[in-house]
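Have a look at the structure below, then the notes.
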Amino acid sequence: MSTPKIFIRTILFLLLASCASSKKAKFEDYVFKTKSEKQTYLSSYDKALKLWDIPYSEENIKTSFGTAHIVIAGPKNGKDLVLLHGMDASSTMWYPNIKALAKNHHIYAIDFLMEPNKSTLTAKSLSSDEIVLLYNEIFTHYKLKKFDIVAASRGGWIATLLAVQKDNSIDKLVLLSPAQTFKFIDKVRKTSSALMLKLFPSEKKFGKTLKTFSTHPEKISPIYKKQFYLANKYAKSNSSMLKMTPFSDKELESVKNPVLVLIGDHDVINSEESLERAQKYLPNCKTKIIKDAGHFLSIDQSKIVNDAMVNFLE
């Protein structure tokens, strides 16, 4: 096993071990340790969602694995577009992009059940097959056919997982620095700040993490920043990252959809090697490196990213 893989698994083992005792808590919740912490987080989520600054509605639908929270926006006669957020970021993360995306698309922003947000997981940690079943239940509920997906980081891995399935109704895919999708984390030691934040949450570590993942952390709204910090501070960790491994050549070759892959030139998760592999194995792929942007490229350079996404989806 390579050094980066060993490093990641060691840190995650320590992270998971530190959270084991929380299972004995009386408050039964997959993500949060206490009811009061969950309420504090949800209040922050509601404030951050208002940053969308466009009309939206929220729906909760029952699935085989728990309740999925969906934020819906955009014209009903627009082409359906599913948004899959990054790890611990929740659907509120789309606030710098939502006006551009919702102009001509009917948006379904889905909160991932295994992370801090408004969705609630009632099952155990989901396997890859169960993640596919979960999202297909949501797509079936809304009768989505030939829809597009815009997905960031871990959401990008999930989007690719859905796209490699033989029977899917996806049209176009936009992947914003998809994590663990084309290769393992590029700069492992730099990203360790995020893992240490999970182990020993503090505002100082949070600030360091933002600087690692973003070239312009000053652009991040203080309202959203607070929600994102609470996600890291309160939420119990899970083993799902261990199940995220890069897709095989054969799997990537099976994705016939038009795909746009964007990464930042200061990205700590992906590099040019990621784009080279995407270009080599995805039959219908376009790639672009966004200058002066990190892993959080949708915030760092929102205007450039928005234009690239909209042009591709048209």
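The values are calculated or read from the model by the stated rules, or taken from the named source; none is laboratory data. Note that the structure is a prediction, hence the values are computed from the model and not measured. Note: ideal-geometry Cβ built from the backbone for every residue, glycine included; neighbour counts use all protein chains shown. Quick note on the areas: whole protein, heavy atoms, side chains included, nothing else; ligands and nucleic acids left out. Shrake-Rupley method; radii C 1.70, N 1.55, O 1.52, S 1.80 Å.
Couple of notes before you dig in:
- Peptides ranked, highest mean first, by Cβ atoms within 10 Å: ranges 118-124, 98-104, 293-299, 159-165: 293-299, 159-165, 98-104, 118-124
- Comparing ILE158, ILE269, ILE289 in a Gaussian network model of the chain, where Cα atoms under 10 Å apart are tied by springs, the biggest mean-square fluctuation is seen for ILE289.
- For the stretch 79-180, the number of Lys pairs with C-alpha atoms closer than 20 Å, counting only pairs eight or more positions apart or on separate chains, is 16.
- Which labelled figure in (1) 95, 44, 34; (2) 59, 41, 37; (3) 48, 43, 38 is Cα extents along the principal axes in Å, once derived from the coordinates: (3)
- When the helices of the chain are scored as -39500 (n - 2.57) per DSSP H run of n ≥ 4 and the total is divided over every residue, the value at 222 nm lands at -12000 deg cm²/dmol.
- Distance between modelled label sites at ILE72 and LYS208, nm, 7 Å Cα→Cβ extension: 4.4
- Pairwise FRET efficiency - LYS187 versus THR245, Cβ, R0 = 30 Å, nearest 0.05: 0.95
- A 1.4 Å probe run over the protein chains yields, for the chain, 45 Å² of accessible area per residue, whole-number rounding.
- Of all accessible heavy-atom area on the stretch 196-314, the percent that carbon and sulfur account for (1.4 Å): 53
- Most mobile of SER36, SER169, SER254 in a GNM of the chain (Cα contacts under 10 Å): SER36
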